Amino acid sequence: MRITCPVCGERDRREFYYVGDAVALQRPDPDASDVVWDDYVHNRDNPAGVTRDLWYHEGGCGAWIVVTRNTITHEVLGTELASDVKEASA
Amino acid sequence: MAELSAKTPCAGLLPVSAGGVTLSEVDAGVLTSLSPRRGRAEALGKALDASVGAKLPEVNRATGEAGSRVIWFGQGQYLLMGPDPAAALGAEAAVTDQSDAWAVVRLDGVAAEDVLARLVPLDLRAQSFAVGHTARSMLGHMSVSITRTDPDTFQIMAFRSMAKTLVHEIETAMKGVAARGAG
Amino acid sequence: MRIDGKGLVDRSKRVIFSFDGQSVEGFAGDTVASALLANDVKLVARSFKYHRPRGVMGAGSEEANALVTVGRGAAQDPNVRATVQEVFDGLEVHSQNRWPSLEFDILAANDFVSPFLGAGFYYKTFMWPKAFWEKIYEPVIRRAAGLGALSKQHNPDSYERAFAFCDLLVIGAGPSGLMAALTAGRAGADVILADEDALMGGRLNGDGGEVDGMSGAAWAAQAVAELASLPNVRLMPRTAVTGAYDQGTYGALERVSHHLGNAGGRPKECFWRIVAKRSILCAGAIERPIAFENNDRPGIMTASAVRTYVNRYGVAPGKAVTVFTNNDSGHQTARELIAAGVHVAMVVDSRRDAPESGDYPLVKGAEVCNAGGRKALESITYRAMSGEEKVATDCLAVSGGWNPTVHLTCHMNGRPVWREDIQSFVPVAGMIPGMDTAGACQGTFSTHGALSEGAAAAGTALAALGLAAGAAEVPVAEDTPYRLSPLWAVGGHGRAWLDFQNDVTVKDVKQAAKENFRSVEHMKRYTTQGMSPDQGKNSNIGALAVLADATGRGIPETGTTTYRPPFVPVSIAAMGAGAQGAGFAPQRFTTSHTASVAAGAPMIEAGLWYRPSYFPAAGETTWRQSCDREVNMVRQAVGICDVSTLGKIDIQGPDAAEFLDFVYTNMFSTLKVGRVRYGLMLREDGTVMDDGTTARWGQDHFVMTTTTAAAGPVMRHLEYVAQCLRPELDVSLMSTTEQWAQFAVTGPKSRELLNTLVDQEIDGESFPFMACGEISVSGVKGRLFRISFSGEHAYEIAVPARYGESLYRQMVAKAEALGGGAYGMEALNVLRIEKGFITHSEIHGRTTAFDIGMGRMVSAKKDCVGKTMSERPGLNGDEREQLVGLKPLGPVKQLTAGAHLFEAGADPTRENAQGYTTSVGFSPTLESFLGLAFLRNGRARHGEEVMMVDHLRGVSTRCEVCDPVFFDPEGGRVRG
């Protein structure tokens, strides 16, 4: 598997550390309800199809990246810097 | 008063040679990590140029030469190798002394590419990784910085504490390549 | 028997090897199979289940019968295909799965009780009594059935892994692969051409036809020479591409030195990961057998294999050869045998409209229905309209048609489609992104067709790569149409083999269908068809055709099983190459390592690091003696301990303080420059992640310390917070763990010791408890922190790592002069338990700040990671297991870690458990075992008696619950 790091370019998957759903970027307000926090911390979809997840280019430049990929075809549809995604949503 | 004696990361381990490839330790001088403050990369470049005459490289590139080099070292990170950092750099970047943090070695020889092909998941052939190209990647299980400094020379940097493993991995690959080359 | 003047082997280079101890002569270029056939050795193996005598069946990597063991002792290599193993002087080959010998194999008795050993026999037979399965039935069955055996010794061979990159990977160097590589290579593309054979050319080397007016083999050699001369083409012979993976990654196994008597330091094999922008599969096709009674006799081979032995190796596989075919391939074999001067006794063609030939006796519309001769073929019987007829023969060449080698195209879950005209499956475009197919692997069987498709596929790839292809000149070659009439199994009563390697017959497949294992996947698992090393390459299509027939469905409807990597067997040693021994994980050494080892300290692993356990002094015979002494030494004088392994992170930037307020539960923005504060970090789910001290080095510069174990995860977490949660903060993170060699100087005489080293004397005013600052040691700038993990007056001093060893040695010498010395992990652990300080034994991923008694450290004034979730119901309160101390009360004084706690008098069973111990140690200071434990509502239970029960070690100890701080609870010593 190859992932294109937005900083370094296309790299072997062994350089990356996988975390999970990119929902992690959407940290709720501290005062948000229990349900909202529960969803944020614990509840994850497991789609057959397109997912967005968070990877860390630990064996490379150290960037956290959001990878959009298809769990059926294994196609990597796009990658973005997590900081860009977060700042764009702020 | 105590007198402190210094020891290099690969003391007693290098140099080693096999099949026309030599691995040796490099005394790269002062190593300074530079992380530009928000929006200050350009200013850092100017300050660097003004103080030590070095250019800030693009991503995956290195500038300068042996004795005074700047290597792209990760997202928002550069490594100044050689000169003492000027105090003025502190205004533009987080400046961290890393002179003792890295084992710095060089791999010389026509077959150096073949040796690294056993260890690094990157296309390091000259056509895609020319002199002045650099990368942060893995060598075996270790996080490394690799730079092609000359047509047949790579500079490789790994954590100081892993110097023994670094030498072991590269030496093993060197021997394998040398044996194949023996025809 | 060799044929004069034929073959590509080097007749000037004689090679002597051994087979079952007998000396065998071959030539350079021979395989074990070709050399054995040249010496008329027909019996080379025994079959998996019935121990049937078997001979060589094919000439390629798909070989199902001729599996042998190469070498002996630790390095012996079982299940090597004799058709792939090249011969060299001194090569030692043994037959396998036979006892006492290949000629006389006692377990061949299985063959005569075969009616009881059909599909599913062990599921049905060995049901009762249940306990017998594991102890008796399975071991006996395993011994009786099987292939070669491992030596069970450490493998002394070396294996290699490597990465390669290219624009275009061409898989297979037959006519289509060579043509594709030539077309792309000439256009300047960056090409890798990989072929599993030592000699590139594929069928051009095995067949007798011409290309471009020269023999196919000569044309192939010329093409390979041209490719070798191109700097942009890399040839990889002996390299089987084993799998196609995501984003253009391919696995490939190179046999580096299997063909060499003296490897000269070369690895045995190399496992390649090849990354290619495009690929062309030119994998060819595999000729399939036809099932009939006793079709596994030694001497029965595929028709193309017979041609290969004649043309490539100059070997006649028999003196009187017969041919059984349903297509023209059999006739080609007959013609080429005759051209080579080998007698063809008879060609049996199942087609009534078979082509006429005056060169050999031909029976049309007939089928071979039996074969005679147990250890070597003696005769065949064919059935024609006129009845059955027996023909004497020592070699039968069989062709049931060709199966395109579609395997790699299916590795990403694609399904091939059935082509009625060739009665086989072919790939469809796009099954592997970036892969094209050409030649026989997509059902184009003529040489001309393969050459033109190779050129065309290269053109497609070049266009995709943005390169211009030159005008492709396809050389002249035969373009015979492929005609066959389907024939899978000849009717009859006896056993007719489909899967030779796993001894699966037509009967077995029919029985599976009868027992309702109708799905091809179920049939496979019930009969074991296709589950042997050849993975059904010779039998899958035949078996599913029989299944389709038995279930009254068509073949496309029946479908195929799933083709998975690897295409050929890959040894675990090759896949795990480089990861044995020292290659398993990097080793991290501190600067004091050499000195510690010299002092006799046993080193223990802490993550990747190596740390000294204890330092045995003269006369000490147990670790406890050393540990007790080291603890006393620290409490009474001064001890030195290398703490460089703790994570050190420099956090800089205008927003560094705000950043730390967010990652730590407590406030850091209020910390004064030159001071240190203990900090607690939570995961977002409210559980404790790590703890440590952080020093404010400057207004915008903090120096964080993490535990050794969490250094990597904490760095990752900080980067996560900085990039994913708070990218608006201007902060930079830099690990400085490797930059500094850091040592704890601990004990009442610590300052006295330091003042003999540092350039500027320190005192209680310049360095009070929790102070930090720059110091220098003979001009070398360092960092000093007055922090303590022992409760004693203590410091941590850091110098650039190059000076670490020197400083360490000098400090240990000075400490010894003051009545102290070095201390190791054991003493460090006792010292911190005496003070109730936690490590990852306590913050093990399930405990909260509340549990460890630090609930008040979660600041109410600000948000931080984990804060909201830490306030959830269930994470706070009386029902939580809380950190307490334990002291033994009764006659049993021992405490053990991981033991469970029960109320005094309660039954020590799971439902009564009240908590568990996490850290224990013997305190020489308090002359007692001490334990840290989590106990339900523990903080309210100080003074209570509980029972500690360790069911594993058989220890039960009465304990008093107390405060976890056992020693110096007022903390007077640390301020000393």
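Taken together, the values in this text are just the output of simple stated rules run on the coordinates, not laboratory data. Predicted model only: the values in this text are computed from it and were never measured. Cβ: placed from backbone, ideal geometry, glycine included. Neighbour counts: every protein chain shown.
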Practice prompt. Can you pull the one-decimal nm distance between simple spin-label points at C:E605 and C:K13, each 7 Å off the Cα toward Cβ?
Written response: 4.4
Worksheet entry | Gain in span if fully extended, C:Q760 to C:K364, counting 0.36 nm per residue against the direct Cα distance | 131.9 nm
Worksheet item: How many nm is it between the label spots at A:E80 and C:T562, if each spot is 7 Å from the Cα in line with the beta carbon?
Response: 3.3
Worksheet item: On average, how many beta carbons from a partner chain sit within 10 Å of the beta carbon of a residue in C:261-270?
Response: 3
Worksheet entry | region C:783-872: trypsin sites (Lys or Arg not before Pro) in DSSP loop, at most 12 other beta carbons within 10 Å | C:R846, C:K861
Worksheet item: What FRET efficiency, computed as 1/(1 + (r/R0)^6) with R0 = 41 Å and r the Cβ-Cβ distance, is obtained for C:R624 and B:S5, rounded to the nearest 0.05?
Response: 0.70
Discussion item. Cross-link candidates for C:K152: which lysines have Cα within less than 22 Å, leaving aside residues fewer than 8 places away along the same chain?
Written reply: C:K135, C:K268
Worksheet entry | Given charges at Cβ of Lys, Arg, Asp, Glu: region C:320-398 dipole, positive-most of C:A397, C:L377, C:P361 | C:L377
Worksheet item: If you add up the charges near C:A240, with Lys and Arg at +1 and Asp and Glu at -1, over every other residue whose beta carbon is less than 12 angstrom from its beta carbon, what do you get?
Response: -3
Fill in: Nearby lysines by direct alpha-carbon distance to C:K867 (threshold 20 angstrom, same-chain neighbours under 8 apart not counted)
none
Worksheet item: Cα centroid distance between region C:180-222 and region C:815-833, in Å?
Response: 71
Worksheet item: Could you give the dipole magnitude of region A:2-89 about its Cα centre, charging the beta-carbon of Lys and Arg +1 and that of Asp and Glu -1, in debye to the nearest 20?
Response: 420
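Would you mind calculating the gained length between C:V597 and C:W133 on full extension (0.36 nm times residue separation, minus the Cα-Cα distance), in nm to one decimal?
Residue separation times 0.36 nm, minus the Cα-Cα distance, leaves 161.9 nm.
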Worksheet entry | Size of charge dipole - chain B - debye, nearest 20, with Cβ of Lys, Arg +1 and Asp, Glu -1, no other charges | 420
Worksheet item: What does a probe at C:E478 reach in region C:212-228, counting residues whose amide N is under 17 Å from the point 7 Å along Cα→Cβ?
Response: C:212-220
Practice prompt. List C:W740, C:W133, C:W697 from most exposed to least, where exposure is judged by having the fewest other Cβ atoms within 10 Å.
Written response: C:W133, C:W697, C:W740
Discussion item. Compute the distance from the alpha-carbon center of region C:550-621 to that of region C:518-540, in whole Å.
Written reply: 33
Worksheet item: Can you work out the FRET efficiency for the pair C:A471 and C:V428, with r the C-beta to C-beta distance and R0 = 25 Å, to the nearest 0.05?
Response: 0.30
Item to complete: Please name whichever of C:M811, C:A316, C:P416 sits farthest to the positive end of the charge dipole of the protein assembly as shown, dipole taken about the Cα centre and charges placed at Cβ: Lys and Arg +1, Asp and Glu -1.
Response: C:A316
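Given R₀ = 35 Å, FRET efficiency for C:R72-C:K319 by Cβ-Cβ distance, to 0.05? Present the calculation step by step, with values, prior to reporting the outcome.
Details: r = 34 Å, r/R0 = 0.96.
With R0 = 35 Å, the Cβ-Cβ based efficiency is 0.55.
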Worksheet item: Under unit Cβ charges (Lys, Arg +1; Asp, Glu -1), what dipole magnitude, rounded to 20 debye, does region C:303-394 have relative to its Cα centre?
Response: 280
Practice prompt. Within region C:788-821, find all residues whose amide N lies under 17 Å from a label point positioned 7 Å from the Cα of B:S99 along Cα-to-beta-carbon.
Written response: C:798-807
Item to complete: Please give the average number of partner chain Cβ atoms lying within 10 Å of the Cβ of each residue in C:715-724, rounded to a whole number.
Response: 6
Item to complete: For a label point 7 Å from the Cα of C:A813 along Cα→C-beta, name the residues of region C:617-652 whose backbone N is under 19 Å from it.
Response: C:638-642
Worksheet item: Any idea which of C:V344, C:A722, C:F789 is furthest toward the positive side of the dipole for the protein assembly as shown, if Lys and Arg beta-carbons carry +1 and Asp and Glu beta-carbons -1?
Response: C:V344
Worksheet, complete the sentence: Residue separation between C:H942 and C:I141 times 0.36 nm, minus their alpha-carbon distance, gives in nm 282.2 nm
Practice prompt. Take each of the peptides C:198-206, C:72-80, C:509-517, C:608-616, average the number of other beta-carbon atoms within 10 Å over its residues, and list them starting from the highest.
Written response: C:198-206, C:608-616, C:509-517, C:72-80
Worksheet item: Taking the C-alpha atoms of region C:1-151, how large are the radius of gyration and the largest Cα-Cα span, Dmax, in Å?
Response: 18.1, 64
Item to complete: Between the alpha-carbon centers of region C:642-717 and region C:12-57, tell me the distance in whole angstrom.
Response: 69
Fill in: Amide proton proximity set for C:G647, modelled H, under 5 Å, gap of 5+
C:T706, C:T707, C:T708, C:A711
Fill in: Point-to-point label distance, B:A130-C:T670, nm (Cα→Cβ direction, 7 Å offset)
5.8
Worksheet entry | Neighbour cut-off at most 13 other Cβ (10 Å), DSSP loop, GluC sites (Glu not before Pro), region C:424-508 | C:E473
